[in-house]
1. Being part of a loop (DSSP other than H, G, I, E, B) and over 21 Å from Asp296 (Cβ atoms) is the filter here, so list the residues in segment 12-67 that pass it.
2. If you check Tyr187 against the conditions, is it touching a residue at least 60 places away in the same chain (Cβ under 8 Å) and of a type in the set (Phe, Trp, Tyr)?
3. Filter segment 241-282 down to residues that are part of a strand (DSSP E or B) and small (Gly, Ala, Ser) and give me whichever is nearest to Pro178 (Cα to Cα).
4. Give all pairs with beta carbons closer than 6 Å in which a residue from segment 16-31 that is in the same structural domain as Ser102 (by TED's automatic domain parsing) and at negative phi meets a residue that is among the charged types (D, E, K, R) and surrounded by 17 or more Cβ atoms within 10 Å (Cβ to Cβ); count only pairs at least 6 apart in sequence or on separate chains.
5. For residues in segment 72-119 being among the β-branched types (Val, Ile, Thr) and modelled with pLDDT of 85 or more, which is farthest from Gly258 (Cα to Cα)?
6. If you scan segment 264-292, which residues turn out to be within 30 Å of Phe103 (Cα to Cα) and either of a type in the set (A, V, I, L, M) or in contact with a Pro (Cβ under 6 Å, 6 or more places away or on another chain) (or both)?
7. Checking the condition under 30 Å from Ser88 (Cβ atoms), surrounded by fewer than 17 Cβ atoms within 10 Å (Cβ to Cβ), among the basic types (Lys, Arg) and in contact with a Lys or Arg (Cβ under 7 Å, 6 or more places away or on another chain), which residue from Arg289, Arg303 passes?
8. Give me the residue from segment 238-260 that is hydrophobic (A, V, I, L, M, F, W, C) and out of contact with any Phe, Trp or Tyr (no Cβ under 8 Å at 6 or more places or on another chain) and, out of that set, surrounded by the fewest Cβ atoms within 10 Å (Cβ to Cβ).
Amino acid sequence: MDKCSDFLPWLGLDASMQILMNFDDPADLVRASAVSRAWREFVIANGFCKNLCLRMFPEISKVAHVIEVNNMIEPLDIGSHSSLEWGSLKRDHRVYAHLAHSFTSFRRKDCILKAISASSTDNYPEESIDNTLQPSDRIEQRPSYWSSKGQSNPAMPETLTYRLASRLCVISEISIQPFQAFFQFGYPIYSAKAVRFRMGYLKEPLEAGSDHVDKYSTDHGYIEDNFISTYVSPEYPMAQENSLQKYELPEPVLCIGGILQVDLLGRVQRQQMDGLFYICVSHVKVVGRPLLPTFDVEFLDRREKFGKWILKYNPQAGCCMPLARSSEDETSVPSHFRVFRLRQRGARGWEQQMIINTLLGNVAVVGDYDSDEEVVV
């Protein structure tokens, strides 16, 4: 060991930064920061974890500052004391390391929380947008679907608006099932010609305690007038089939604000009874990873498109939440892994614990970053 030396000084600042900038796994950056005090300071001071998040999702550039709920270090003014500045850098390292790890997690679930409104509804509440949250097109032998109002123009679009499970979600795919009217002659399928997805937030959030506006009235215009999209997908053709049709996005999308709009473009099926064109949907499913309650956002100016926002991090909220789906439950993991005591020593304790958590599949970091507490993982 006496003959060992640190290669970072040999390479120099520029070459060392180029090497670490090519790391695409947050666990590798955390391991690098645990090598030595010099490496730790180098990784934290240069914000490699934040840069990794920016490469994954450029929208992160709109973060004005981050707040750690259990470590309320306020944004620093120019000329602040160096110790406070270093504390802020360590906080950012912690937050962005966990955020990047959340981005790379394979834990996926249905991300729709509530239906907000539809651009039109034929018969409310029997054909409400709420029915699209049910996976089946029949409930107790009764049809379950949303239906638009009839239109003589087949080019008229419709829009369904949903609230996602978190104001910060990583969305990878969306599925839609058109409704087949098994109670009508010929069993027609009322699909759209194409579909498009928009994600974003409302300039004026809905009133507290209000889950939706009047779904069958013209109040949907309120949603349209106040919606700001931060992402618009390509248009995808929809098949006139009674099946759950999956649309994979070109790449995972970071939805900031937690609002999804499904644009149904064009009409295919005319109803024999009145000669009008309708769109009917039995089910909508959104697959991704909600980052709440560990991460949340607060907009500084909702009326500004692509405006700045605050990233909030609450490590205790995500305690013991798995990072990925696993075929093994906790009892199947050997006891010497399930109960592992890590003695945090000095400034490297958090990085070491992050590595342990990464390997064991736990998202939370328990204990203070610079403490000497004994931690049970």
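The values are calculated or read from the model by the stated rules, or taken from the named source; none is laboratory data. Remember, predicted model here, so these are calculated numbers, not experimental data. Positions of Cβ are generated from backbone atoms using ideal geometry, with glycine treated the same way; all protein chains shown enter the neighbour counts.
1. Gly12, Asn22, Phe23, Asp24, Asp25, Ala34, Val35, Ser36, Asn46, Gly47
2. no
3. Among residues in segment 241-282 that are part of a strand (DSSP E or B) and small (Gly, Ala, Ser), the one nearest to Pro178 (Cα to Cα) is Ser282.
4. Note: pairs meeting the criteria are Val30/Glu351.
5. That would be Val95.
6. Selection gives Leu264, His283, Val284, Val286, Val287, Leu291, Leu292.
7. So the residue among Arg289, Arg303 that is under 30 Å from Ser88 (Cβ atoms), surrounded by fewer than 17 Cβ atoms within 10 Å (Cβ to Cβ), among the basic types (Lys, Arg) and in contact with a Lys or Arg (Cβ under 7 Å, 6 or more places away or on another chain) is Arg303.
8. Per the stated criteria, the residue is Ala239.
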